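Accompanying notes for the structure given below.
What follows draws every value from the coordinates through simple rules; no lab data is involved. Note that the structure is a prediction, hence the values are computed from the model and not measured. All Cβ positions, glycine included, derive from the backbone under ideal geometry; neighbour counts span all protein chains shown.
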Ligand code: ITT
């Protein structure tokens, strides 16, 4: 291993993906909550970058470890970018992933495929003793007519990756981790880490 980083997240799906995305770079990833209860970081909702930075700063301030924070969301054009920054809480604090998916499908009922375009956005913040960095990844697609597939988490069963015409939940983690918004953002962070931090 070339080094170790700590991800400030309570989302198990994210953590699993980030571990897989960074492992070919020989960077090991642990949840910050394994070493310290850094509490829940309040997301101010102004931008993905600010939310990601607030998470990473909290991790670094509390532990002194190289910390990564990540904020992501699904932007649906027909809904003027919703749920976007509010993807995690959309539909109410207690809405399950299934509830969120049902709500989205309901709002898009009868909308033709060419108007169902959407994108996943992921912003990663890195905080370490020499500074702060931001990396961004986007994956374009559209919203399916119904949920399909079992893999992944969150909105994966309704997000279609156009080159394949299948949802991320159908395509599976290996495929998703090659092309996703998260993969695009975290691979940039890995290149930075190898170049500037672990050498
Ligand atoms: P942390 O803040 O603890 O990291 P969170 O789940 O609250 O976890 P976000 O605030 O970044 O994370 O919310 C992102 C939400 O967007 C997430 O809960 C999913 O509902 C959705 N989302 C993001 N990336 C996704 C992906 O790859 N697949 C499916 N849904 C995704």
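The simple Förster model, with R0 at 22 Å and r as the Cβ-Cβ distance, assigns residue 140 and residue 191 a FRET efficiency of 0.50. When the Cα atoms of the range 117-199 are aligned to their principal axes, the ranges along those axes come out at 47, 21, 20 Å in descending order.
Could you give the length gained by full extension between residue 178 and residue 77, i.e. 0.36 nm per residue of separation minus their alpha carbon distance, to one decimal place?
Gain in length upon complete extension: 33.9 nm.
For the chain, how big is Rg over Rh, using alpha carbon atoms and the Kirkwood form of Rh?
0.98
Across all Cα pairs in the range 15-58, the calculated P(r) in 5 Å bins from zero up to the longest distance comes to 5, 20, 20, 21, 23, 10, 2 percent per bin. Distance from the alpha carbon centroid of the range 60-91 to that of the range 117-158 works out to 9 angstrom.
If you take the Cα centroid of the range 1-44 and the Cα centroid of the range 172-199, the two points sit 13 Å apart. The mean of 1/r over all pairs of different alpha-carbon atoms in the range 1-94, once inverted, gives a Kirkwood hydrodynamic radius of 14.2 Å. Taking the number of Cβ atoms within 10 Å of each Cβ as an exposure proxy, the fewest-first ranking of 30, 184 is 30, 184. Take every pair of alpha-carbon atoms less than 8 Å apart whose residues are at least six positions apart; their mean separation over the length of the range 62-199 yields a relative contact order of 21 percent.
With both labels modelled 7 Å from their Cα along Cα-to-Cβ, the residue 46 to residue 132 distance reads 1.0 nm. Look at 9, 63 and count the other Cβ atoms within 10 Å of each Cβ; fewest to most, that gives 63, 9.
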